[in-house]
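Some notes on the structure that comes next.
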Amino acid sequence: MKPIRIAGSLLLGTTLLVGCTEQSVQTGLTGPATGPFSADVVAGKTSVVTDPAGDADKTAEAYLDIVRAEITKQGTNFVFLLTLAAPVPDNPALPSWADVMVWQPILDTDPTASPVGYPFTRNTAFPFEFFIQHRVYRSGFTDPLDPTSRADVLVDRRPLLTGGQATVIPIEVSIDGAQITFVVDAALLGNPSTFNWVAVTSAAKAGDDVKNAYNKHFPFDVAPEVNSGAPLATWPE
């Protein structure tokens with residue numbers, strides 16, 4: 001498994017938003033974000049991580065404290081569910097310095113690849129190809145890479161491997177109290193048979209050249225606790 005350090009300045013591009021002007025629309029949703037799981041889930045196509053309540057950074061609100069993260073496969077969709085220590089408010093407050101706050105699972109679908117660039121600096125490699133995000137922007141801030149400032153997106157970093165730009169794709173996300181559910185067409189992820197993953201809540205500040213990178217990333221909570229030596233989670237378990 002590739003080494004990974006999710007902390008400090010390298011911390012999560014995860015943290016971040018997206019990156020780019022090229023956009024497409026998700027198609028092919030075959031089921032709701034919530035509801036009974038299909039037979040393939042019962043057969044073992046799932047992955048679950050639990051995380052202690054209260055272990056988030058001391059500055060974090062309870063709705064940034066991850067207590068459970070899980071991934072299941074329903075038909076042609078992946079369903080990602082984050083459970084937090086408290087309900088997510090309609091207008092959560094960002095840190096005074098931040099331009100965006102993010103709840104997200106991030107996926108490493110190719111153990112041999114480390115895309116270089118957005119949402120990190122142009123010379124920084126980070127070994128995750130996909131960021132699946134619910135974002136809240138600072139009032140008055142417009143992401144220049146996504147003028148619509150969508151709240152719910154999939155960031156595909158694979159084009160960075162061949163000199164292109166990351167792509168931003170709208171996805172289906174629902175929030176029910178302390179749970180956030182993300183639904184992503186498996187085809188958008190390359191129909192992976194397995195991958196490593198981690199869930200993160202974080203905040204970030206845009207640099208002077210936001211197209212190059214976000215220059216400040218701060219994680220509130222990570223599950224599994226990879227910064228304390230835990231391995232990445234694997235789908236399916």
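In region 158-170, the condition of being open to solvent by 30 Å² or more (accessible area, probe 1.4 Å), of a type in the set (Val, Ile, Thr) and modelled with pLDDT under 90 is met by no residue.
May I ask you to list the residues in region 114-134 that are in a loop (DSSP other than H, G, I, E, B) and either open to solvent by 10 Å² or more (accessible area, probe 1.4 Å) or of a type in the set (Phe, Trp, Tyr) (or both)? Answer for region 114-134, where residues must be in a loop (DSSP other than H, G, I, E, B) and either open to solvent by 10 Å² or more (accessible area, probe 1.4 Å) or of a type in the set (Phe, Trp, Tyr) (or both): Ser114, Tyr118, Phe120, Thr121, Arg122, Asn123, Thr124, Phe126, Pro127, Phe128.
Only one entry in Ala53, Ala62, Ala85 is crowded, with 20+ Cβ neighbours inside 10 Å, over 21 Å from Val168 (Cα atoms) and at pLDDT 95 or above, namely Ala85. Scanning region 91-113 for residues that are within 17 Å of Ser202 (Cα to Cα), assigned to a loop (DSSP other than H, G, I, E, B) and out of contact with any helix residue (DSSP H, G or I) (no Cβ under 8 Å at 6 or more places or on another chain) yields Asn91, Ala93, Leu94, Pro95, Ser96, Trp97, Ala98, Asp99.
Quick check on region 200-224: of everything there that is of a type in the set (Asp, Glu) and assigned to a loop (DSSP other than H, G, I, E, B), which residue is modelled with the highest pLDDT? Write out each step before concluding.
If we filter region 200-224 for residues that are of a type in the set (Asp, Glu), which is where we start, we get 208-209, 221.
Going one step further and asking which of them are assigned to a loop (DSSP other than H, G, I, E, B), we end up with 208-209.
Details: Asp208: 62, Asp209: 57.
Top of the filtered list is Asp208.
Does Val67 qualify as being under 22 Å from Ala178 (Cα atoms), surrounded by 19 or more Cβ atoms within 10 Å (Cβ to Cβ) and out of contact with any helix residue (DSSP H, G or I) (no Cβ under 8 Å at 6 or more places or on another chain)?
Yes.
Checked against (1) without any contact (Cβ under 8 Å) to a residue 40 or more places away in the chain; (2) of a type in the set (D, E, K, R); (3) open to solvent by 40 Å² or more (accessible area, probe 1.4 Å), Asp152 passes all but condition (3). The listed residues are Gly13, Gly35, Gly19, and the only one of them that is more than 26 Å from Pro119 (Cβ to Cβ), among the small types (Gly, Ala, Ser), at pLDDT below 50 and part of a loop (DSSP other than H, G, I, E, B) turns out to be Gly35.
The values are calculated or read from the model by the stated rules, or taken from the named source; none is laboratory data. Computed from a prediction, not measured in an experiment: that's the story for all the values here. Cβ coordinates were reconstructed from backbone atoms using ideal geometry, including for glycine residues, and neighbour counts include every protein chain displayed. SASA here: full protein model, heavy atoms, side chains in, ligands and nucleic acids out. Shrake-Rupley method; radii C 1.70, N 1.55, O 1.52, S 1.80 Å.
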